[in-house]
Amino acid sequence: MRTPGGQQEIGRRQALKLATGAVGGLAITTSACTVLGGAPEEAKPPIRKPLWTFVLPDKDGIGQVLDGPPVHHDGVLYVRSKEDGLYAIDAVTGRRRWHAPLAGALPGAPAVTSQAVFVATDGGAVQALRTADGEQMWHQAPGRRLSKPGAGAVWVSGSVAMVSFLPFTYDDDPDPPSSVLYALDTRNGDLLWRAYASLLEVRDGLAYVTPPDESLTALDPRTGVVRWSAPLEKPGGRCTLDAFAEGLLFGRNGNVGIGSKLVAYDPRTGAVRWTAPAAHASVPVASGDTVYISAPGRGSGDEQRLQAFDATSGKRRWTAPAFSTTLNESPTIAADRDGAYLSWSEDSSFDEDRTTLRAYAARTGHERWRSERPDSSYAADAAPGNRLFISYLEDWYCHDTRTGKARWRVSAGESTSGPPPLAADGLLYFASDRGIHALRL
């Protein structure tokens, strides 16, 4: 399952569909599944009954969506609501352990350790709450002088908590301000250092950030000293951080979404191990020793193809047949040790959608099965137990990765789906506009 912030990018048409669904309430119709060789249409799979549901009521008693994905730590789920702060929920029973109001909590996942939960709030502030009971340990506002700062997820490395705040700016601002990254001592909230950068991830003792020049840079979390920086291939582009596999870091460098390279870096030194063309590419996904990405095939015009690379050497293992000629769409990819799963939505008119799902063998690229459904989707995620989850406007569908058959579905809300499901300790957690639902894996 994906980590917070790992969710794949949504194409422009999908975003338009989501907005339209929120206003017009698009209906979901009967699904159609086509396995290789032909198969009859199938009715919707049954709705899976959750083991428990933790409801997050809003002021009107209707329900509210979450601010960021739930975080699981040591048998507890930490959930942020839009209006009501932070909840600590027993991950097995669904019972509330404690609740911290946190007026003005900003979107983004909290960071959790055995001692404290760190969360960003309004006014450029960070709060540390005791994991045992939610009592405040300290409150610091390093970004208080920024203009209406918004924040992302909080990350922790050892005794350092890090968060980047983005000052308010207008969409048409020709010179928008940069995000400011703050590093705080987890014991008392004292400011250790700051830098102009957006925090992407903290992993293995390094903080990966995007500075104003849009490069990919690794910092020492304790001191803020730059360990390495990957420069841009060309002006006007940017670098991304997308995946880790086989001891390497994978990202895109260039005009992402139009013309870029897939790059494999040594995460400790920034040395480039290999590159591959990734024009019009989706977000790369790594599983085991393979990295998958979609991009136009060589000599095939504008047709998009799923490509598999050996994560260590960069050797192209296989390229699947063309699946789409539409370049302004970013298909979503999920993968496990057995295969890669490609999902994309197309429409013949504004009101008619169709999602196509294909499964390929990890080693050979042989197509194992395909499935279609008359609805728009925007996310895919693999889970243990031969499960593949596809997010539609109102439901997450669980497909069997061996056959493509839809096993069951769970509601994700009235308009749009929440974050990808979270698998932990034999349970699966889904978020909706009503709260959190737990199911057995």
Worksheet entry | Matching residues, segment 351-369, being free of Cβ contacts under 8 Å to residues at least 24 places away in the same chain and either closer than 9 Å to residue 340 by Cβ or buried (at least 19 other Cβ atoms within 10 Å of the Cβ) (or both) | 361
Discussion item. Being of a type outside the set (Ser, Thr, Tyr) and open to solvent by 40 Å² or more (accessible area, probe 1.4 Å) is the filter here; which residues of segment 157-179 pass it?
Written reply: 158, 166, 168, 171, 172, 173, 174, 175, 176, 177
Worksheet item: Among the residues of segment 103-134 satisfying the criterion of being in a loop (DSSP other than H, G, I, E, B), in contact (Cβ under 8 Å) with a residue 12 or more places away in the chain and open to solvent by 60 Å² or more (accessible area, probe 1.4 Å), which is nearest to residue 182 (Cα to Cα)?
Response: 122
Worksheet item: Checking residue 58 against (1) open to solvent by less than 50 Å² (accessible area, probe 1.4 Å); (2) in a loop (DSSP other than H, G, I, E, B); (3) at pLDDT below 60, which test does it fail?
Response: (3)
Discussion item. Just to verify a result, which residue in segment 283-296, among those that are open to solvent by 10 Å² or more (accessible area, probe 1.4 Å) and not in a strand (DSSP E or B), is modelled with the lowest pLDDT?
Written reply: 283
Worksheet item: Does segment 37-55 contain at least one residue that is modelled with pLDDT under 80, open to solvent by 60 Å² or more (accessible area, probe 1.4 Å) and among the β-branched types (Val, Ile, Thr)?
Response: no
Worksheet item: Can you find even one residue in segment 257-267 that is over 22 Å from residue 113 (Cα atoms), modelled with pLDDT of 95 or more and either open to solvent by 10 Å² or more (accessible area, probe 1.4 Å) or of a type in the set (Val, Ile, Thr) (or both)?
Response: yes
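Here is a yes/no grid of residues against (1) free of Cβ contacts under 8 Å to residues at least 60 places away in the same chain; (2) under 18 Å from the mean Cα position of the chain (by Cα); (3) in a strand (DSSP E or B):
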position: 371; (1), (2), (3): no, no, yes
position: 381; (1), (2), (3): no, yes, yes
position: 391; (1), (2), (3): yes, yes, yes
position: 399; (1), (2), (3): yes, no, yes
position: 420; (1), (2), (3): no, yes, no
position: 429; (1), (2), (3): no, yes, yes
position: 438; (1), (2), (3): no, no, yes
Worksheet entry | Those residues of segment 226-239 which are open to solvent by 10 Å² or more (accessible area, probe 1.4 Å) and in contact with a Phe, Trp or Tyr (Cβ under 9 Å, 6 or more places away or on another chain), in sequence order | 228
Practice prompt. Scan segment 211-228 residue by residue and report those that are among the small types (Gly, Ala, Ser) and at pLDDT 95 or above.
Written response: 218, 224
Discussion item. Of everything in segment 198-235, what is within 24 Å of the chain's Cα centre (by Cα), on the phi > 0 side of the Ramachandran plot and among the small types (Gly, Ala, Ser)? Give them in sequence order.
Written reply: 205
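The values are calculated or read from the model by the stated rules, or taken from the named source; none is laboratory data. Since the model is a prediction, treat every value here as computed from it, not as a measurement. Ideal geometry is used to build each Cβ from the backbone, glycine not excepted, and the neighbour counts take in all protein chains shown. Keep in mind that these areas ignore ligands, DNA and RNA; they rest on the heavy atoms of the full protein, side chains included. Shrake-Rupley method; radii C 1.70, N 1.55, O 1.52, S 1.80 Å.
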